[in-house]
Amino acid sequence: MIPIIYNTISKDELILNENETARRLQAEKGFKSDLIDQCLNELKNAVSCKLSAVITDIFFYDDGYLDLGFGRFQSFDLSKNLKGCKKAYIFAVTLGMDIDRLLYRYSLLSPSKHFIFDALASSLAEAGADRAEEIIRGGIVCSPRFSPGYGDLPLEIQPDILKLLNAGKLLGITINNALLMSPGKSVTAIMGIKNE
């Protein structure tokens, strides 16, 4: 396993995907709103985006089992996604705890604003994952990123991924018994390396 990569991502590097943001806001593509712009500015001022990543060997076994350095588990979907790869990037990215505090405050003050803030924060988390992927990959061709809970990749591997990445110390990410991460706007993912 390659030592942990650790980096910060500035709020200016978080580029929202317009289609995804419109979908999350239940708005039409190309929407314009002063309120949404104000909420986005307030959110971006609270962002403290960080990433942690490692490169691991991939070991494939029968019946969809594989091992990425943190234990053996089964996922036919991830096995298919990583086909032909010998190594993988595993990473986590978070927007930070201040985003959770902001969302909690608006959940008490205004349900409508809370909806907007939550949708925008989810889009920012995806933008953080997109930027983390760019930073980690550089010019290397990788398989599409794959996160626990997607397809048949079990959420139960989430604590092992966070431990592997030292995410508690480096990123401040913790996980509860229901497998929910805190800060909530955090993402973990796996990408197979196709050309080293």
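Just a few scattered comments:
- ³J(HN,Hα) computed for each position of the range 59-72 - Karplus, 6.51 cos²θ - 1.76 cosθ + 1.60, integer Hz, glycine/proline x: 10, 9, 10, 5, 6, x, 7, 8, 9, 10, x, 10, x, 8
- For Lys83, Lys32, the ranking by accessible surface with the largest value first comes to Lys32, Lys83, using a 1.4 Å probe.
- Given [x] 31, 17, 16; [y] 30, 21, 15; [z] 26, 20, 14, the label whose value is semi-axes √(5λ) of the Cα gyration tensor in Å derived from this model: [x]
- Extended-chain gain in nm, criterion 0.36 nm per residue less alpha-carbon gap, Arg101 and Lys113: 2.9 nm
- The angle separating the long axis of helix 97-109 from the principal Cα axis of greatest extent in the chain is about 40 degrees.
- Taking amide hydrogens as placed 1.01 Å from N in the peptide plane, the amide H of Cys142 sits under 5 Å from those of Lys194, each at least 5 positions away in sequence or on another chain.
- Accessible area of the range 1-149 belonging to carbon and sulfur atoms, whole % at 1.4 Å probe: 49
- Sequence-distant contacts, meaning Cα pairs under 8 Å at least 6 residues apart, place the relative contact order of the chain at 28 percent.
- Rolling a 1.4 Å probe over the protein heavy atoms leaves Tyr6 with an accessible area of roughly 100 Å².
- Members of Lys11/Lys80; Lys29/Lys169; Lys50/Lys113; Lys83/Lys163; Lys44/Lys80 lying beyond 29 Å, as alpha-carbon distances in this model show: Lys11/Lys80; Lys29/Lys169; Lys44/Lys80
- Ordered by solvent-accessible area of protein heavy atoms (1.4 Å probe), largest first, the residues Asp34, Asp100, Asp160 come out as Asp34, Asp160, Asp100.
- Part-to-part distance (alpha-carbon centres) for the range 1-65 and the range 156-171, which is given in Å: 18
- Here Lys32 is the anchor, and the aspartates and glutamates within straight C-alpha reach of less than 19 Å, apart from those fewer than 8 places off in the same chain, are Glu18, Glu20, Glu42, Asp118.
- Karplus (6.51, -1.76, 1.60) ³J(HN,Hα), θ = phi - 60°, over the range 47-53, in Hz, Gly and Pro reported as x: 6, 9, 7, 9, 9, 9, 8
- Using alpha-carbon coordinates, inclination of helix 111-137 to the longest axis of the chain, degrees: 40
- Summarising the label geometry, the points placed 7 Å from Cα in the beta-carbon direction at Lys80 and Glu20 lie 2.2 nm from one another.
- For the chain, the longest principal axis of the Cα atoms and the long axis of helix 34-46 meet at an angle of about 50 degrees.
- Taking a straight Cα-Cα cut-off under 16 Å and skipping sequence neighbours fewer than 8 places away in the same chain, the lysines within cross-link reach of Lys87 are Lys194.
- Length gained on full extension, Phe60 to Ser182, computed as 0.36 nm times the residue gap minus the Cα-Cα distance: 40.8 nm.
- Virtual spin-label span in nm between Ser147 and Lys169, 7 Å along Cα→Cβ: 2.6
The values are calculated or read from the model by the stated rules, or taken from the named source; none is laboratory data. Keep in mind the model is a prediction, meaning the values are calculated, not measured. Here the Cβ is made from the backbone with ideal geometry for all residues, glycine too, and neighbour counts use every protein chain on show. With ligands, DNA and RNA removed, areas are computed over all heavy atoms of the protein, side chains included. Shrake-Rupley method; radii C 1.70, N 1.55, O 1.52, S 1.80 Å.
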